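Structure first, then comments.
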Amino acid sequence: MEQETLNSISSYLSKLLRKNFGKGPQSCQSTVSGSIFTTYIRGFISPMEEILMERGHNEQVDMARNVIINHVVDQLKGVVEISLSCEILQWYHDWNFPNNSGLIFFLLDREVSNPVNVPYATDLKKLEDEVARISALVQKVPDKIHIYPVSETAIIVERKGILIPIEKALIAKGFEEELVMTKDDLEKSYFHNYGKFNEIFKREVKEIFIDWNFKEDKSLMGFILEG
């Protein structure tokens, strides 16, 4: 995969964000490995969001950003599919407001590049076991866990079969948005505070991003490591 193509996608996303939020990010870094495409975004909080967050309206900021980002991703998908000659099967995104950063994940219908090596000789079995252990603390051990290294400083973990009966009941009754907010706070707290990921990666974990697809009963996690 030519870096020029990835840079072009990153540039297009920066323009979309600037158009829809009134401010573009400091940087967008796109990567593709196998059938996983990611864009790591840094330095991106709009003036309106800053004011709302200063006044404690974090949930409103999160909800509003989700609506606009969904619109942005709808436009970005077409460019990615044309540029990489593929189709996007699923997409996810998550944001770390304290670090002023975010991650967009695309699952592609085919491998468009060779998968990269596991970052820093990570023990995949230990990583899988630790993800399962932390998942069990907040909900249940996932039915399946797949690990996708995307660069030397980023690795994606896919969890399938994660919802417990009460969560499925809440979703059926229309409380999906509230469940996302609750899981976002709870899961990130546990993965950050109780996980032993620094030891497993042999590097400091700079950020952890998590998003869910309740319809498919799955979740994607993105670990960003110190370079």
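If you check Val141, Val116, which single one turns out to be part of a loop (DSSP other than H, G, I, E, B) and modelled with pLDDT of 95 or more?
On the way: Val116 fails: modelled with pLDDT of 95 or more.
Answer to the check: Val141.
Take the residues in the stretch 211-227 that are of a type in the set (Phe, Trp, Tyr) and buried (at least 21 other Cβ atoms within 10 Å of the Cβ), then tell me which one is farthest from Pro165 (Cα to Cα).
The extreme case among them is Phe223.
When you look at Ile68, is it surrounded by fewer than 17 Cβ atoms within 10 Å (Cβ to Cβ) and within 15 Å of Ile104 (Cβ to Cβ), yes or no?
For Ile68, the condition - surrounded by fewer than 17 Cβ atoms within 10 Å (Cβ to Cβ) and within 15 Å of Ile104 (Cβ to Cβ) - is met.
Go through (1) crowded, with 19+ Cβ neighbours inside 10 Å; (2) over 24 Å from Met63 (Cα atoms); (3) modelled with pLDDT of 95 or more and name the single condition Gly161 misses.
Among (1) crowded, with 19+ Cβ neighbours inside 10 Å; (2) over 24 Å from Met63 (Cα atoms); (3) modelled with pLDDT of 95 or more, Gly161 violates only (1).
Among Asp143, Asp123, which is surrounded by fewer than 17 Cβ atoms within 10 Å (Cβ to Cβ), charged (D, E, K, R), touching a residue at least 40 places away in the same chain (Cβ under 8 Å) and farther than 24 Å from Phe97 by Cβ?
Testing whether each residue is surrounded by fewer than 17 Cβ atoms within 10 Å (Cβ to Cβ), charged (D, E, K, R), touching a residue at least 40 places away in the same chain (Cβ under 8 Å) and farther than 24 Å from Phe97 by Cβ leaves just Asp123.
Yes or no: the stretch 173-185 includes at least one residue that is among the hydroxyl-bearing types (Ser, Thr, Tyr), under 24 Å from Gln60 (Cα atoms) and touching a helix residue (DSSP H, G or I) at 6+ places or on another chain (Cβ under 8 Å). Walk me through it before giving the result.
First, pick out the residues of the stretch 173-185 that are among the hydroxyl-bearing types (Ser, Thr, Tyr): 182.
Next cut, under 24 Å from Gln60 (Cα atoms) only: 182.
The next check asks that each one be touching a helix residue (DSSP H, G or I) at 6+ places or on another chain (Cβ under 8 Å); those that pass are none.
Within the stretch 173-185 (the criterion being among the hydroxyl-bearing types (Ser, Thr, Tyr), under 24 Å from Gln60 (Cα atoms) and touching a helix residue (DSSP H, G or I) at 6+ places or on another chain (Cβ under 8 Å)), the answer is no, since none of the residues qualifies.
Sort out which residues of the stretch 144-159 are among the charged types (D, E, K, R), more than 15 Å from the chain's Cα centre (by Cα) and not in a loop (DSSP other than H, G, I, E, B), and write them in order of number.
Lys144, the sole residue that qualifies.
Which of the residues belonging to the stretch 16-54 are part of a loop (DSSP other than H, G, I, E, B) and modelled with pLDDT of 90 or more?
Pro25, Gln26, Gly34, Ser35, Gly43
Mind telling me which of the residues Ser8, Ser33, Ser14 ends up being polar (S, T, N, Q), within 16 Å of the chain's Cα centre (by Cα) and not assigned by TED's automatic domain parsing to the domain that holds Ala154? Write out each step before concluding.
Numbers: Ser8 fails: within 16 Å of the chain's Cα centre (by Cα); Ser14 fails: within 16 Å of the chain's Cα centre (by Cα).
Answer to the selection: Ser33.
The values are calculated or read from the model by the stated rules, or taken from the named source; none is laboratory data. None of these values were measured; they are calculated from a predicted model. FYI the Cβ positions are ideal-geometry reconstructions off the backbone, even for glycines, and counts take in every protein chain you see.
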